[in-house]
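**Student:** Questions regarding the structure given below will be posed in turn.
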Amino acid sequence: MPEACSNDAIMVRIITNQRATVQASQGNFYLVEQGAIDTRLVPCNLAKEFQEDNLQVTISGEVKATTSVPSGPCCTENIIILKITR
């Protein structure tokens, strides 16, 4: 598990029962919160059953501080999913 996904990583916000869309891109999965323009959440623990492009879900979880790197994607934050439903 990446360091940014550990329980020791700094939590920057909590998401509770937020609608989101699962998006697939080049073999990776992201969550886009309803109403978000350009921020994508990188799930640390997305179960296989939710790894489906354009799947509408409701999520709760802890968003962790993410260090940006020049080669990494823009505008992403890591999230530890505590609850996810269709």
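The values are calculated or read from the model by the stated rules, or taken from the named source; none is laboratory data. The structure displayed is predicted, hence computed values, not measured ones. Reconstructed Cβ throughout: ideal geometry from the backbone, glycine too, with neighbour counts over all protein chains shown.
**Student:** Determine whether Val12 is in a loop (DSSP other than H, G, I, E, B) and at pLDDT below 95. Steps first, answer last, please.
**Tutor:** Numbers: in a loop (DSSP other than H, G, I, E, B): no; at pLDDT below 95: yes.
So Val12 does not fit the description; no.
**Student:** Pairs, please: C-beta under 9 Å, at least 6 apart or cross-chain, first residue more than 13 Å from Glu3 (Cβ to Cβ) and at pLDDT 85 or above and in region 62-77, second buried (at least 17 other Cβ atoms within 10 Å of the Cβ) and hydroxyl-bearing (Ser, Thr, Tyr)?
**Tutor:** So the pair list comes out as Thr76/Tyr30; Thr76/Thr66; Glu77/Thr66.
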